[in-house]
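First up is the structure itself, then whatever we jot down about it.
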Amino acid sequence: MSHGYSGRVERGMLLWTGPEDAQRTLVFACGDEGRVDDPVPAAVADAAVWMGVRVCRVAIEGAWPGAAQSDATLRAMIGEAAAAARGDRVLGGMSRGARAAASMVGPLHAIGLVAVSYPFHARRDPDPGERVRDLQVRVPVLLVQGSRDALGNREQVRGYGLPAHIDVHWVEAANHALVPRASSGLDPAGALQG
């Protein structure tokens with residue numbers, strides 16, 4: 001079992017963990033200014049590795065370019081990691097990384113999508129527009145969302161009429177970074193286990 005092969009690609013970092021002979025690989029893109037070793041991506045990777053899945057976490061290094069360039073960079077990194085993966089591919093990500101992963105499900109023939117803290121709308125515009133359509137891929141989707149996420153809280157998401165193939169897991173009292181209220185006594189990784 002490989003416990004942490006790291007590699008660099010143009011403008012980014014790849015971190016591989018889990019069994020090299022796994023029949024399934026999760027390619028997980030970190031969100032805005034996220035790092036491959038941040039608590040939430042690490043917790044997602046640990047859970048997947050525990051299930052026998054190989055994981056590649058991808059993140060942009062250094063200062064983030066503008067939104068369009070960030071999306072293109074993340075999609076390219078997801079594609080590069082998926083090309084190196086063995087077996088079935090599941091794509092995933094956190095925040096902007098989840099949007100980038102959703103856009104690559106079809107082109108990369110992924111068998112599933114894990115969307116963590118999916119940004120259903122822009123900070124100052126509560127209209128989800130095309131972002132809900134981006135999740136209407138033809139594979140099972142696990143959506144992990146904080147119940148008080150400013151970019152898609154429980155009340156808002158219920159109103160979007162998501163298709164039945166999207167399984168929503170709510171992290172109670174958590175924000176967009178999946179940080180729960182201090183009164184809960186949980187850190188982001190602990191909140192995910194709840």
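The values are calculated or read from the model by the stated rules, or taken from the named source; none is laboratory data. Only a predicted model underlies this, so the values are computations on that prediction, with no experimental measurement involved. We place every Cβ from the backbone using ideal geometry, glycine too, and count neighbours over all the protein chains shown. Just so you know, the surface numbers come from the protein's heavy atoms only, side chains and all, with ligands and any DNA or RNA stripped out. Shrake-Rupley method; radii C 1.70, N 1.55, O 1.52, S 1.80 Å.
Each peptide among 49-61, 156-168 gets the average number of other Cβ atoms lying within 10 Å of its residues, and from highest to lowest they stand as 49-61, 156-168. Per-residue surface analysis assigns residue 184 an accessible area of about 60 Å², computed on protein heavy atoms at 1.4 Å probe radius.
Of the solvent-accessible surface of region 34-184, computed with a 1.4 Å probe and all protein chains present, 52% belongs to carbon and sulfur. Annotation: amide H of residue 118 within the under-5 Å range of 95, 144, sequence separation 5 or more or interchain, hydrogens built in the peptide plane. Applying 0.36 nm per residue to the separation of residue 83 and residue 160 and subtracting their alpha-carbon distance, the gain on full extension is 24.4 nm. Between residue 21 and residue 182, the contour length at 0.36 nm per residue exceeds the alpha carbon distance by 53.9 nm. Applied to region 34-40, the Karplus parametrisation 6.51 cos²θ - 1.76 cosθ + 1.60 on θ = phi - 60° returns per-residue 3J(HN,Hα) values of x, 10, 5, 9, 5, x, 5 Hz, with x for Gly and Pro. Which whole-angstrom value gives the distance between the alpha carbon centres of region 17-47 and region 65-127? About 13 Å separates the Cα centre of region 17-47 from the one of region 65-127.
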